[in-house]
Amino acid sequence: MMTTIITAVLLAVSLCADCFAVSSCSSVTLKTISWRRVLPVALGFGVIQTGLMALGWGFGDLFVNMVEKVAHWIGFLLLLYVGGSMIIEALKGGEESRNLDGVRNVVIGGVATSIDAFAVGISLSMGRVQSVQVCADLVAVFLVTMLSVIAGMFGGQMIGRRFGKAAEIVGGSVLVLIGLGILLGLI
């Protein structure tokens with residue numbers, strides 16, 4: 001039982017690193033932040049990450065060839081869009097440009113960071129991992145993803161308040177570089 005929990009937490013931590021990066025980079029544009037603003041974003045990322053992992057596990061054998069061929073392009077294009085928009089708005093002087101306000105931005109950020117969770121779900125299905133372990137994995141992924149997004153948003157907002165537009169440009173550049181790393185197979 002303890003091995004199941006440890007394995008689930010380690011998997012969750014490895015999957016949520018990009019959620020932390022996107023939420024912190026996107027939050028550098030926020031002037032103010034509150035739990036009312038953060039919790040829906042964290043919940044959205046958690047649901048998308050967990051849902052895509054469960055979907056991958058449920059339909060593993062069916063999706064394996066499709067995911068291998070296009071996952072890196074999808075991740076790259078979504079992060080290029082979010083990061084590029086942040087950079088452009090920072091240079092134009094826009095206010096709170098590409099933060100995680102609104103369902104559209106949360107879905108784009110959530111999907112961009114959850115393609116790997118979908119692939120992990122497929123691998124769990126193909127590896128015939130027991131459903132008890134998969135359930136523990138899903139719970140851990142949901143909780144750790146939410147915690148990483150909460151930490152990322154509060155941390156990103158503090159950095160943005162201190163460093164302003166430079167933080168927004170750096171944050172957008174980091175997202176573009178993460179996308180490029182995905183495209184090139186480095187991440």
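The single condition among (1) farther than 19 Å from Val70 by Cα; (2) at pLDDT 85 or above that Ile108 does not satisfy is (1).
Scanning the range 1-23 for residues that are among the polar types (S, T, N, Q), touching a residue at least 12 places away in the same chain (Cβ under 8 Å) and either open to solvent by 20 Å² or more (accessible area, probe 1.4 Å) or over 23 Å from Asp116 (Cα atoms) (or both) turns up Thr4, Thr7. Just wondering, is there one or more residues in the range 52-60 that are crowded, with 18+ Cβ neighbours inside 10 Å, of a type outside the set (A, V, I, L, M, F, W, C) and under 18 Å from the mean Cα position of the chain (by Cα)? So far as the range 52-60 goes, yes, one or more of its residues are crowded, with 18+ Cβ neighbours inside 10 Å, of a type outside the set (A, V, I, L, M, F, W, C) and under 18 Å from the mean Cα position of the chain (by Cα). What about Val141, is it at pLDDT 80 or above and either open to solvent by 10 Å² or more (accessible area, probe 1.4 Å) or of a type in the set (Asp, Glu) (or both)? It is false that Val141 is at pLDDT 80 or above and either open to solvent by 10 Å² or more (accessible area, probe 1.4 Å) or of a type in the set (Asp, Glu) (or both).
The values are calculated or read from the model by the stated rules, or taken from the named source; none is laboratory data. What you are looking at is a predicted structure, and each value in this text was computed from that prediction instead of being measured. Reconstructed Cβ throughout: ideal geometry from the backbone, glycine too, with neighbour counts over all protein chains shown. Just the protein is used for accessible areas: all its heavy atoms, side chains included, with ligands, DNA and RNA removed. Shrake-Rupley method; radii C 1.70, N 1.55, O 1.52, S 1.80 Å.
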